[in-house]
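See below for the structure under consideration.
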Amino acid sequence: MKEQEFVLTDEPCETIDINKLQKLDGETRYIVRSEFRTGLSLTIIYAIFIISVPVMNWYKPDWAFAKLFGGMSSSWFLTSIVAMVMAFVIAYVHTKLYERWEKKVQTITPSSENEEEKETVV
């Protein structure tokens with residue numbers, strides 16, 4: 001694959017009118033929509049968790065401010081440790097879903113650059 005050269009400049013570039021762009025083909029539209037759906041659903045799960053911590057602080061202060069490890073409250077434990085673990089789990093799930101989708105697409109339409117791949121798939 002040939003790499004493109006990009007010139008960095010402070011000069012203004014031409015403006016792109018989005019109305020003049022071609023419509024996305026069906027496969028690209030499917031890819032964009034499925035990625036958007038996956039990202040949106042995982043974002044909603046994380047947002048619900050993040051919003052639930054202040055709600056827990058308000059409605060269950062006795063549990064939220066109970067001391068856990070070394071004086072850390074359960075509220076701080078959730079927002080620091082568990083939130084980080086959730087971020088990693090969400091990233092892992094998104095990556096695995098993408099890899100599974102990519103394998104499915106590769107079996108349907110192999111890339112035109114790799115002739116060996118075409119022979120093994122077909």
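The values are calculated or read from the model by the stated rules, or taken from the named source; none is laboratory data. Given the structure is predicted, the values throughout are model-derived calculations rather than measurements. FYI the Cβ positions are ideal-geometry reconstructions off the backbone, even for glycines, and counts take in every protein chain you see.
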Consider region 81-111. How many of its residues are among the hydroxyl-bearing types (Ser, Thr, Tyr) and either closer than 23 Å to Thr43 by Cβ or modelled with pLDDT of 85 or more (or both)? 3
Here the residues within region 1-30 that are touching a residue at least 12 places away in the same chain (Cβ under 8 Å) and of a type in the set (A, V, I, L, M) are Met1
What pairs come out if I take residues in region 41-69 that are among the polar types (S, T, N, Q) and pair them with residues that are part of a helix (DSSP H, G or I) whose C-beta lies under 9 Å away, six or more apart or interchain? Thr43/Ile90; Ser52/Leu78; Asn57/Ala64; Asn57/Ser75
